[in-house]
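Presented below is the structure to which this report refers.
The values are calculated or read from the model by the stated rules, or taken from the named source; none is laboratory data. Quantities reported herein were computed from a predicted structural model and do not represent experimental measurements. Cβ coordinates were reconstructed from backbone atoms using ideal geometry, including for glycine residues, and neighbour counts include every protein chain displayed. Surface accessibility is based on the protein's heavy atoms, side chains included, excluding ligands, DNA and RNA. Shrake-Rupley method; radii C 1.70, N 1.55, O 1.52, S 1.80 Å.
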Amino acid sequence: QHYLIQINLSKGKQRYKMLLSRAKPAAGPATVEEKEKKKKKLPKLEDFVTARDYTGAVTLLDFERASNKGSAELAMWAAYCYFHLGDYKRAMKEYKSLTETKGAPPEAWVYLGCCMFFLGMYKEAEAASSKGPKSKLQNRLLFHLSHKFNDEKKLMSFHKNLQDIVEDQLSLASIHYLRSHYQEAIDIYKRVLLENSSNGGSKKDFLALNVYVALCYYKLDYYDVSQEVLAVYLQHFPDSTVAINLKACNHFRLYNGKAAEAELKNLSDLCSPSFKFAADLIKHNLVVFRGGESALQILPPLIDVIPEARLNLVIYYLRQEDIAEAYALFKDISPTTPQEYILKGVVNASLGQEQGLNDHIKIAQQYFQLVGGSASECDTIPGRQCMASCYFLLKQFEDVLIYLNSIKSYFYNEDPFNYNYGQAKAATGSYKEAEEIFLMIQAEKLKSDYVYLGWLARCYIMNRKPRLAWELYLKQETSSESFSLLQLIANDCYKMGQFYYSAKAFDVLERLDPNPEYWEGKRGACIGLFQQIIAGHEPRETLREVLAILRNTGNAQVEYIIRIMKKWAKDNRVTVS
């Protein structure tokens, strides 16, 4: 079973730019005195924060703190700026120091919890935030932590505390997104946008919500719609890390890796050295766009930074046929998203088929059925692929075809799809269609696979083209697989009354392994071929080859059979010597 799964989502801190209105200057040139005043005027912290220039703000704060002006307020601002730069470790260090000082602001505990949350320290985040005063931010943080802990009871408890305010509603939408409830998330985002515009708010205030809506449409496989929604935001903020990355991912899905890489180059050029998450994101997605190139160097360090890194590393191992590594990397992970369930199914199916472990095949069936039978996925392409895979493993090929037929137009030139589709067609006796499907496959790796060769040989034989099946065997090097292919040709040709190639195949088998069964098969094929010659269904000249094949055996019955054939040849004036 071959699967093609590429998961290339992105998560990161959105980088914003605010356009500030400027007062119209008074007419006439400025005086020398005014110019001197402007030179002496130092930038203020508020100016940097308002402009989202957190690097500038940190520089100013470091200067002020070094000038013996250190205070809890400055430390809070420094931590705030580090957090918005994506440097959660530095922010955490600042907040930790604050909580250890006397008279520290109590809300610092909640802010510390937020930093820990972004660093994946969920237990520590829960403990820290619980020490802070009750607040809307604390409730939102604990709401997200409950999701991380899969604690449904606590999740619902914090859900009840959410209010009809923008921050709480956006937090709820993000949980919907994380639980794969993409349409529910879209509904919330659209409602917030609508309410904001109806209340006289500026469209720019919530422009970033277009990115979230686009991300939801991306997850729903509506890549064209995602692009349209995303364009609204990119018109105003063409240097947005998340937006450019999402655009690249859409291009990857709509076109190919090269088109996606071209988009990502823009992000690479714009990326600030201080914004490390963007650099990690670029490296991760370039691996995906380039078909796994440099995966072993880049993905392992990113496993705890970008959630999809682990999934893509598993996919890389699967493509390299390193099933054991893929299983080891994924065995302790409890799936929560359809993609994770699918990948779990693929890993278990691959391991079960490779090592003949029925338990893993049963687990794979269950995972595939869970996704394919779910209300959210049953009518999607991956959902139907899952149901086809489930029935494939159960060897219920009529059911496999129901699902594969419904999505074949999306995978016309996809080798893995045609590999499975051809097998299902052949297994249900549609050999002519199966032959056409198998011949569409281009990948040399699949074309040299024994399963492919065996099914294609069987299709040739069933479609009365035994010579092509024999040529498939002649191209193979001597191995256990070529021996198995020879057995298939010998038996299938015999079954179909194609005795000439059956006799040739049994002759080679007998010489490789002097098993009495092969002699019996060869004897039957030779006699069957002799009958066809007598009936005029095969050319008489073929009798000479039949006699040569029979002479390769030292069995006592050979002389008697040859004597009868020669007598017929003499009576019918057929030259056999």
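Results for (1) surrounded by fewer than 16 Cβ atoms within 10 Å (Cβ to Cβ); (2) at pLDDT below 95; (3) farther than 27 Å from residue 119 by Cα, shown as yes or no for each residue.
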| residue | (1), (2), (3) |
| --- | --- |
| 192 | no, yes, yes |
| 195 | yes, yes, yes |
| 246 | no, yes, no |
| 255 | yes, yes, yes |
| 261 | no, yes, yes |
| 266 | yes, yes, yes |
| 277 | no, yes, no |
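Of the helices (runs of 4 or more DSSP H) lying entirely inside region 387-463, those containing at least 1 residues that are open to solvent by 50 Å² or more (accessible area, probe 1.4 Å) and among the aliphatic types (A, V, I, L, M) are 397-407, 431-440, 450-462. Selection over region 334-370 of residues that are in a loop (DSSP other than H, G, I, E, B), touching a helix residue (DSSP H, G or I) at 6+ places or on another chain (Cβ under 7 Å) and either at pLDDT below 90 or closer than 26 Å to residue 219 by Cβ (or both) gives a count of 1. Note on region 294-318: residues that are surrounded by 15 or more Cβ atoms within 10 Å (Cβ to Cβ) and out of contact with any Asp or Glu (no Cβ under 8 Å at 6 or more places or on another chain) total 14. Does region 69-87 contain any residue that is part of a helix (DSSP H, G or I) and of a type in the set (S, T, N, Q)? For region 69-87, residues part of a helix (DSSP H, G or I) and of a type in the set (S, T, N, Q): absent.
The requirement of being assigned to a loop (DSSP other than H, G, I, E, B), of a type outside the set (Ser, Thr, Tyr) and either touching a residue at least 24 places away in the same chain (Cβ under 8 Å) or open to solvent by less than 50 Å² (accessible area, probe 1.4 Å) (or both) is fulfilled nowhere in region 93-100; no residue meets it.
Just one of the numbered conditions (1) open to solvent by less than 40 Å² (accessible area, probe 1.4 Å); (2) modelled with pLDDT under 90; (3) closer than 30 Å to residue 429 by Cβ is not true of residue 497: (2). Assessment of region 204-213 against the conditions (at pLDDT 90 or above and open to solvent by 70 Å² or more (accessible area, probe 1.4 Å)) yields at least one matching residue. Has region 112-126 got any residue that is more than 21 Å from residue 304 (Cα to Cα), touching a Phe, Trp or Tyr at 6+ places or on another chain (Cβ under 7 Å) and surrounded by 14 or more Cβ atoms within 10 Å (Cβ to Cβ)? So far as region 112-126 goes, no, none of its residues is more than 21 Å from residue 304 (Cα to Cα), touching a Phe, Trp or Tyr at 6+ places or on another chain (Cβ under 7 Å) and surrounded by 14 or more Cβ atoms within 10 Å (Cβ to Cβ).
Scanning region 150-195 for residues that are in contact with a helix residue (DSSP H, G or I) (Cβ under 6 Å, 6 or more places away or on another chain), without any contact (Cβ under 8 Å) to a residue 24 or more places away in the chain and assigned to a helix (DSSP H, G or I) gives 154, 155, 158, 169, 176, 184, 188, 193. When region 224-237 is limited to residues that are surrounded by fewer than 18 Cβ atoms within 10 Å (Cβ to Cβ) and within 27 Å of the chain's Cα centre (by Cα), the one that is nearest to residue 183 (Cα to Cα) turns out to be 225.
When the criteria are applied in full, residue 476 meets the requirement of being open to solvent by 30 Å² or more (accessible area, probe 1.4 Å), without any contact (Cβ under 8 Å) to a residue 40 or more places away in the chain and not in a helix (DSSP H, G or I). May I ask you to list the residues in region 543-557 that are of a type in the set (A, V, I, L, M, F, W, C) and modelled with pLDDT of 85 or more? If the condition is that a residue be of a type in the set (A, V, I, L, M, F, W, C) and modelled with pLDDT of 85 or more, then 543, 546, 547, 548, 549, 550 are the ones that fit.
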